[in-house]
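**Q** My questions will all concern the structure given below.
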Amino acid sequence: MNRAQALLKDMRSEGCTVVGGHVFFTDPSITEALAMHGYDFLWIDAEHGPFDKHNLLMHIMAANAGGAAAFVRVAENNPAVIKPLLEMGLDGIIIPMILTEEDAQRAIKACLYPPMGNRGFGPRRAGRYGQTPIKTYLEEASASFLRILQIEHIQAIENIDAILAVPGLDAIIIGPNDLSASIGRLGDSMHPEVLALGEKVIVHAKKAGIPVGVSIGPDEKAISTWMKMDLNFMSVGDDISFLQQGVQRTLAMVAKGKEE
(Lines give C-alpha, C1' and ligand atoms only; values in the text may rest on other atoms or scores of the structure.)
Protein backbone atom coordinates (compact mmCIF):
# COMPACT_ATOMS: atom_id res chain seq x y z
CA MET A 1 0.00 0.00 0.00
CA ASN A 2 1.34 3.42 -0.95
CA ARG A 3 0.22 5.54 2.02
CA ALA A 4 1.79 8.67 0.59
CA GLN A 5 -0.17 8.62 -2.66
CA ALA A 6 -3.38 7.63 -0.88
CA LEU A 7 -3.03 10.67 1.39
CA LEU A 8 -2.12 12.93 -1.52
CA LYS A 9 -5.25 11.79 -3.35
CA ASP A 10 -7.34 12.61 -0.28
CA MET A 11 -5.63 16.00 0.08
CA ARG A 12 -6.62 16.82 -3.48
CA SER A 13 -10.21 15.65 -3.07
CA GLU A 14 -12.91 18.30 -2.72
CA GLY A 15 -14.20 18.61 0.83
CA CYS A 16 -11.72 16.14 2.31
CA THR A 17 -9.42 17.21 5.14
CA VAL A 18 -6.61 14.84 6.06
CA VAL A 19 -5.83 14.99 9.79
CA GLY A 20 -2.50 14.38 11.48
CA GLY A 21 -1.01 14.92 14.92
CA HIS A 22 2.36 15.77 16.40
CA VAL A 23 4.69 13.58 18.44
CA PHE A 24 7.39 14.96 20.73
CA PHE A 25 7.89 12.20 23.31
CA THR A 26 10.48 9.59 22.36
CA ASP A 27 8.54 6.43 23.29
CA PRO A 28 7.37 4.85 19.98
CA SER A 29 4.34 3.29 21.67
CA ILE A 30 2.88 6.81 21.92
CA THR A 31 3.07 7.14 18.15
CA GLU A 32 1.54 3.72 17.67
CA ALA A 33 -1.29 4.54 20.09
CA LEU A 34 -2.07 7.87 18.41
CA ALA A 35 -2.15 6.09 15.06
CA MET A 36 -4.54 3.48 16.42
CA HIS A 37 -6.80 6.24 17.76
CA GLY A 38 -7.44 7.38 14.19
CA TYR A 39 -4.95 9.93 12.90
CA ASP A 40 -4.28 9.76 9.16
CA PHE A 41 -0.63 10.62 9.72
CA LEU A 42 1.73 11.27 12.62
CA TRP A 43 4.20 14.15 12.47
CA ILE A 44 7.32 13.01 14.33
CA ASP A 45 9.07 16.22 15.26
CA ALA A 46 12.83 15.87 14.88
CA GLU A 47 13.19 19.66 14.80
CA HIS A 48 12.03 20.32 18.36
CA GLY A 49 11.87 16.79 19.80
CA PRO A 50 14.85 14.94 21.37
CA PHE A 51 15.06 12.16 18.76
CA ASP A 52 18.10 10.32 17.44
CA LYS A 53 18.11 8.41 14.16
CA HIS A 54 17.41 5.01 15.69
CA ASN A 55 14.51 6.42 17.67
CA LEU A 56 13.06 8.03 14.55
CA LEU A 57 13.12 4.68 12.77
CA MET A 58 11.19 3.13 15.66
CA HIS A 59 8.56 5.89 15.44
CA ILE A 60 8.18 5.49 11.68
CA MET A 61 7.61 1.77 12.15
CA ALA A 62 5.22 2.42 15.05
CA ALA A 63 3.08 4.86 13.06
CA ASN A 64 2.77 2.37 10.21
CA ALA A 65 2.02 -0.47 12.62
CA GLY A 66 -0.80 1.60 14.09
CA GLY A 67 -2.27 2.25 10.66
CA ALA A 68 -1.09 5.82 10.04
CA ALA A 69 1.37 7.40 7.65
CA ALA A 70 4.68 8.45 9.17
CA PHE A 71 5.87 12.01 8.53
CA VAL A 72 9.09 13.39 9.96
CA ARG A 73 9.94 17.07 10.28
CA VAL A 74 13.70 17.36 9.99
CA ALA A 75 15.80 19.79 11.99
CA GLU A 76 17.12 21.66 8.99
CA ASN A 77 17.21 21.88 5.21
CA ASN A 78 20.36 19.80 4.90
CA PRO A 79 20.93 16.79 2.58
CA ALA A 80 22.99 15.05 5.28
CA VAL A 81 20.03 15.26 7.65
CA ILE A 82 17.38 14.40 5.07
CA LYS A 83 19.09 11.41 3.41
CA PRO A 84 19.11 8.85 6.26
CA LEU A 85 15.47 9.53 7.07
CA LEU A 86 14.38 8.85 3.50
CA GLU A 87 16.21 5.54 3.68
CA MET A 88 14.02 4.60 6.66
CA GLY A 89 10.97 4.40 4.40
CA LEU A 90 8.93 7.26 5.82
CA ASP A 91 5.70 8.38 4.12
CA GLY A 92 6.39 12.10 4.19
CA ILE A 93 9.15 14.54 5.02
CA ILE A 94 8.52 18.06 6.28
CA ILE A 95 11.32 20.55 5.75
CA PRO A 96 11.08 23.68 7.90
CA MET A 97 11.82 27.38 7.42
CA ILE A 98 11.72 27.52 3.62
CA LEU A 99 12.20 31.20 2.77
CA THR A 100 13.06 31.36 -0.92
CA GLU A 101 12.80 29.51 -4.21
CA GLU A 102 16.44 28.49 -3.73
CA ASP A 103 15.63 26.99 -0.32
CA ALA A 104 12.78 25.04 -1.88
CA GLN A 105 14.91 23.78 -4.74
CA ARG A 106 17.65 22.65 -2.35
CA ALA A 107 15.12 20.79 -0.20
CA ILE A 108 13.43 19.01 -3.08
CA LYS A 109 16.70 18.07 -4.75
CA ALA A 110 17.88 16.46 -1.49
CA CYS A 111 14.80 14.21 -1.71
CA LEU A 112 15.20 13.04 -5.30
CA TYR A 113 17.75 10.80 -6.98
CA PRO A 114 19.78 12.06 -9.96
CA PRO A 115 19.14 13.44 -12.50
CA MET A 116 16.21 15.25 -10.83
CA GLY A 117 18.07 15.72 -7.56
CA ASN A 118 21.20 14.87 -5.60
CA ARG A 119 19.96 12.31 -3.07
CA GLY A 120 22.58 9.73 -2.19
CA PHE A 121 21.73 6.08 -2.81
CA GLY A 122 21.50 3.66 0.10
CA PRO A 123 17.92 2.58 0.81
CA ARG A 124 17.35 0.21 3.70
CA ARG A 125 13.78 -0.04 4.98
CA ALA A 126 12.71 2.13 2.03
CA GLY A 127 13.71 -0.74 -0.25
CA ARG A 128 12.15 -3.35 2.05
CA TYR A 129 15.62 -4.40 3.16
CA GLY A 130 16.57 -5.54 -0.33
CA GLN A 131 13.30 -7.36 -1.03
CA THR A 132 12.27 -4.81 -3.67
CA PRO A 133 14.32 -5.08 -6.88
CA ILE A 134 16.48 -2.00 -7.39
CA LYS A 135 14.86 -1.22 -10.75
CA THR A 136 11.39 -1.33 -9.20
CA TYR A 137 12.51 0.69 -6.19
CA LEU A 138 13.99 3.43 -8.36
CA GLU A 139 10.81 3.60 -10.47
CA GLU A 140 8.68 4.00 -7.35
CA ALA A 141 10.97 5.93 -4.99
CA SER A 142 9.84 9.47 -5.74
CA ALA A 143 6.17 8.55 -5.32
CA SER A 144 6.70 6.60 -2.10
CA PHE A 145 6.78 9.67 0.16
CA LEU A 146 5.49 13.24 0.16
CA ARG A 147 7.78 16.26 0.03
CA ILE A 148 6.23 18.95 2.20
CA LEU A 149 7.75 22.39 2.71
CA GLN A 150 6.90 24.49 5.74
CA ILE A 151 5.87 28.11 5.21
CA GLU A 152 6.48 29.89 8.50
CA HIS A 153 8.08 33.26 7.77
CA ILE A 154 6.96 36.49 6.14
CA GLN A 155 9.85 36.18 3.67
CA ALA A 156 8.44 32.85 2.48
CA ILE A 157 5.09 34.47 1.81
CA GLU A 158 6.78 37.20 -0.19
CA ASN A 159 8.27 34.40 -2.35
CA ILE A 160 5.31 32.04 -2.21
CA ASP A 161 4.58 31.75 -5.94
CA ALA A 162 8.20 30.89 -6.77
CA ILE A 163 8.29 28.31 -3.96
CA LEU A 164 5.04 26.71 -5.12
CA ALA A 165 6.40 26.39 -8.67
CA VAL A 166 9.39 24.22 -7.70
CA PRO A 167 9.10 20.80 -9.44
CA GLY A 168 8.76 17.82 -7.12
CA LEU A 169 6.89 19.67 -4.38
CA ASP A 170 3.85 17.74 -3.13
CA ALA A 171 2.40 20.04 -0.46
CA ILE A 172 3.07 22.98 1.83
CA ILE A 173 2.15 23.48 5.47
CA ILE A 174 1.74 26.75 7.34
CA GLY A 175 3.49 27.20 10.70
CA PRO A 176 1.60 29.97 12.55
CA ASN A 177 3.95 30.16 15.54
CA ASP A 178 7.14 31.09 13.71
CA LEU A 179 5.09 33.09 11.21
CA SER A 180 3.83 35.24 14.07
CA ALA A 181 7.42 35.70 15.28
CA SER A 182 8.54 36.86 11.84
CA ILE A 183 6.16 39.82 12.00
CA GLY A 184 6.94 40.72 15.61
CA ARG A 185 3.97 38.92 17.19
CA LEU A 186 5.56 35.83 18.78
CA GLY A 187 3.07 34.06 21.03
CA ASP A 188 0.04 35.50 19.24
CA SER A 189 -0.46 33.00 16.43
CA MET A 190 -4.19 33.80 16.28
CA HIS A 191 -3.64 37.49 15.61
CA PRO A 192 -5.69 38.73 12.62
CA GLU A 193 -2.51 39.67 10.76
CA VAL A 194 -1.15 36.13 11.11
CA LEU A 195 -4.44 34.61 9.98
CA ALA A 196 -4.56 36.98 7.00
CA LEU A 197 -1.09 35.85 5.96
CA GLY A 198 -2.22 32.25 6.30
CA GLU A 199 -5.20 32.93 4.06
CA LYS A 200 -2.86 34.49 1.50
CA VAL A 201 -0.76 31.33 1.44
CA ILE A 202 -3.88 29.21 0.99
CA VAL A 203 -5.11 31.32 -1.93
CA HIS A 204 -1.78 31.10 -3.74
CA ALA A 205 -1.47 27.34 -3.08
CA LYS A 206 -4.95 26.72 -4.46
CA LYS A 207 -4.11 28.72 -7.56
CA ALA A 208 -0.96 26.64 -8.05
CA GLY A 209 -2.80 23.35 -7.44
CA ILE A 210 -0.61 22.44 -4.45
CA PRO A 211 -2.28 20.97 -1.32
CA VAL A 212 -1.93 23.25 1.72
CA GLY A 213 -2.21 22.50 5.42
CA VAL A 214 -1.57 24.04 8.83
CA SER A 215 0.19 22.87 11.99
CA ILE A 216 -1.59 23.84 15.22
CA GLY A 217 -2.26 22.61 18.74
CA PRO A 218 -5.50 21.22 20.19
CA ASP A 219 -6.98 24.64 21.00
CA GLU A 220 -10.67 24.65 20.08
CA LYS A 221 -10.72 28.24 18.81
CA ALA A 222 -7.67 27.67 16.61
CA ILE A 223 -9.13 24.47 15.17
CA SER A 224 -12.47 26.14 14.45
CA THR A 225 -10.82 29.19 12.86
CA TRP A 226 -8.49 27.28 10.56
CA MET A 227 -11.14 24.74 9.57
CA LYS A 228 -13.18 27.60 8.09
CA MET A 229 -10.34 28.21 5.65
CA ASP A 230 -9.94 26.15 2.48
CA LEU A 231 -7.32 23.73 3.80
CA ASN A 232 -6.52 20.29 2.42
CA PHE A 233 -4.97 18.88 5.58
CA MET A 234 -4.23 19.73 9.21
CA SER A 235 -1.71 18.59 11.76
CA VAL A 236 -3.53 19.25 15.00
CA GLY A 237 -2.83 18.25 18.59
CA ASP A 238 0.21 16.61 20.17
CA ASP A 239 1.16 14.13 22.85
CA ILE A 240 2.38 16.76 25.35
CA SER A 241 -0.82 18.82 25.06
CA PHE A 242 -3.01 15.75 25.40
CA LEU A 243 -1.19 14.78 28.61
CA GLN A 244 -1.55 18.32 29.94
CA GLN A 245 -5.26 18.49 29.08
CA GLY A 246 -5.98 15.08 30.58
CA VAL A 247 -4.18 15.85 33.84
CA GLN A 248 -5.82 19.26 34.23
CA ARG A 249 -9.28 17.91 33.48
CA THR A 250 -8.89 14.99 35.91
CA LEU A 251 -7.51 17.13 38.75
CA ALA A 252 -10.30 19.66 38.20
CA MET A 253 -12.88 16.87 38.53
CA VAL A 254 -11.22 15.70 41.76
CA ALA A 255 -11.17 19.26 43.14
CA LYS A 256 -14.84 19.70 42.23
CA GLY A 257 -15.69 16.42 43.96
CA LYS A 258 -14.01 17.57 47.18
CA GLU A 259 -16.11 20.72 47.16
CA GLU A 260 -19.42 18.87 46.82
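**Q** Going by what's in this entry, would ALA70 be described as surrounded by 18 or more Cβ atoms within 10 Å (Cβ to Cβ), touching a strand residue (DSSP E or B) at 6+ places or on another chain (Cβ under 8 Å) and in a helix (DSSP H, G or I)?
**A** Values: surrounded by 18 or more Cβ atoms within 10 Å (Cβ to Cβ): yes; touching a strand residue (DSSP E or B) at 6+ places or on another chain (Cβ under 8 Å): yes; in a helix (DSSP H, G or I): no.
Judged against the criteria, ALA70 is not a match.
**Q** May I pose another question? Could you tell me whether ILE82 is under 16 Å from LEU169 (Cα atoms) and in a helix (DSSP H, G or I)?
**A** Values: under 16 Å from LEU169 (Cα atoms): yes; in a helix (DSSP H, G or I): yes.
So ILE82 passes the test.
**Q** Continuing with the same structure: Here is a list: SER189, SER142. Which entry is at pLDDT 95 or above, of a type outside the set (Phe, Trp, Tyr) and within 23 Å of ALA6 (Cβ to Cβ)?
**A** On the way: SER189 fails: within 23 Å of ALA6 (Cβ to Cβ).
Of SER189, SER142, the one residue that is at pLDDT 95 or above, of a type outside the set (Phe, Trp, Tyr) and within 23 Å of ALA6 (Cβ to Cβ) is SER142.
**Q** Across region 145-161, what is the total count of residues that are more than 18 Å from PHE233 (Cα to Cα) and of a type in the set (A, V, I, L, M)?
**A** Our first condition is that a residue be more than 18 Å from PHE233 (Cα to Cα); within region 145-161, this holds for 153-161.
Filter again for of a type in the set (A, V, I, L, M), leaving 154, 156-157, 160.
The total comes to 4.
**Q** Right, another one. With under 18 Å from the mean Cα position of the chain (by Cα) and at pLDDT below 95 as the only criterion, which of ASP170, ASP230, ASP239, ASP178 stands out? Please lay out each step first, then the result.
**A** Working: ASP170 fails: at pLDDT below 95; ASP239 fails: at pLDDT below 95; ASP178 fails: at pLDDT below 95.
One residue alone meets the criteria, ASP230.
**Q** Next question. Please give the number of the condition LEU99 fails out of (1) surrounded by fewer than 14 Cβ atoms within 10 Å (Cβ to Cβ); (2) among the aliphatic types (A, V, I, L, M); (3) part of a loop (DSSP other than H, G, I, E, B).
**A** (1) is the only condition that LEU99 fails.
**Q** So which of ALA65, ALA80, ALA126 is within 26 Å of PHE233 (Cα to Cα), of a type in the set (A, V, I, L, M) and surrounded by fewer than 16 Cβ atoms within 10 Å (Cβ to Cβ)?
**A** Working: ALA80 fails: within 26 Å of PHE233 (Cα to Cα); ALA126 fails: surrounded by fewer than 16 Cβ atoms within 10 Å (Cβ to Cβ).
Only one candidate qualifies: ALA65.
**Q** Got a sec? Which of ILE151, ILE160 is under 30 Å from GLN244 (Cβ atoms) and either modelled with pLDDT of 95 or more or not aromatic (Phe, Trp, Tyr) (or both)?
**A** Among ILE151, ILE160, only ILE151 is under 30 Å from GLN244 (Cβ atoms) and either modelled with pLDDT of 95 or more or not aromatic (Phe, Trp, Tyr) (or both).
**Q** Additional query: Specify the residue that is surrounded by the most Cβ atoms within 10 Å (Cβ to Cβ); the eligible residues are those in region 38-47 that are closer than 12 Å to VAL72 by Cβ and not β-branched (Val, Ile, Thr).
**A** Looking only at region 38-47, we keep the residues that are closer than 12 Å to VAL72 by Cβ, and these are 41-47.
Subsequent filtering for residues that are not β-branched (Val, Ile, Thr) retains 41-43, 45-47.
Numbers: PHE41: 23, LEU42: 31, TRP43: 27, ASP45: 25, ALA46: 24, GLU47: 15.
Result: LEU42.
**Q** From the list ARG147, ARG119, pick out the single residue that is in contact with a Phe, Trp or Tyr (Cβ under 8 Å, 6 or more places away or on another chain) and surrounded by 15 or more Cβ atoms within 10 Å (Cβ to Cβ). Lay out the reasoning, then the answer.
**A** Numbers: ARG147 fails: in contact with a Phe, Trp or Tyr (Cβ under 8 Å, 6 or more places away or on another chain).
Answer to the check: ARG119.
**Q** In region 152-260, which helices (runs of 4 or more DSSP H) lie fully inside it and hold 1 or more residues that are crowded, with 18+ Cβ neighbours inside 10 Å and touching a helix residue (DSSP H, G or I) at 6+ places or on another chain (Cβ under 7 Å)?
**A** On the way: elements: 154-158, 160-164, 176-182, 192-208, 220-227, 239-259.
Passing ranges, in order: 154-158, 160-164, 176-182, 192-208, 239-259.
**Q** Still on this model: For region 4-37, which residues satisfy the criterion of being farther than 21 Å from HIS59 by Cβ and surrounded by fewer than 20 Cβ atoms within 10 Å (Cβ to Cβ)?
**A** Initial filter on region 4-37 (farther than 21 Å from HIS59 by Cβ): 5, 8-17.
GLN5, LYS9, ASP10, ARG12, SER13, GLU14, GLY15, CYS16, THR17, listed by residue number.
The values are calculated or read from the model by the stated rules, or taken from the named source; none is laboratory data. Computed from a predicted model, the values in this text were never measured in an experiment. Backbone-built Cβ (ideal geometry, glycine too); neighbour counts: all protein chains shown.
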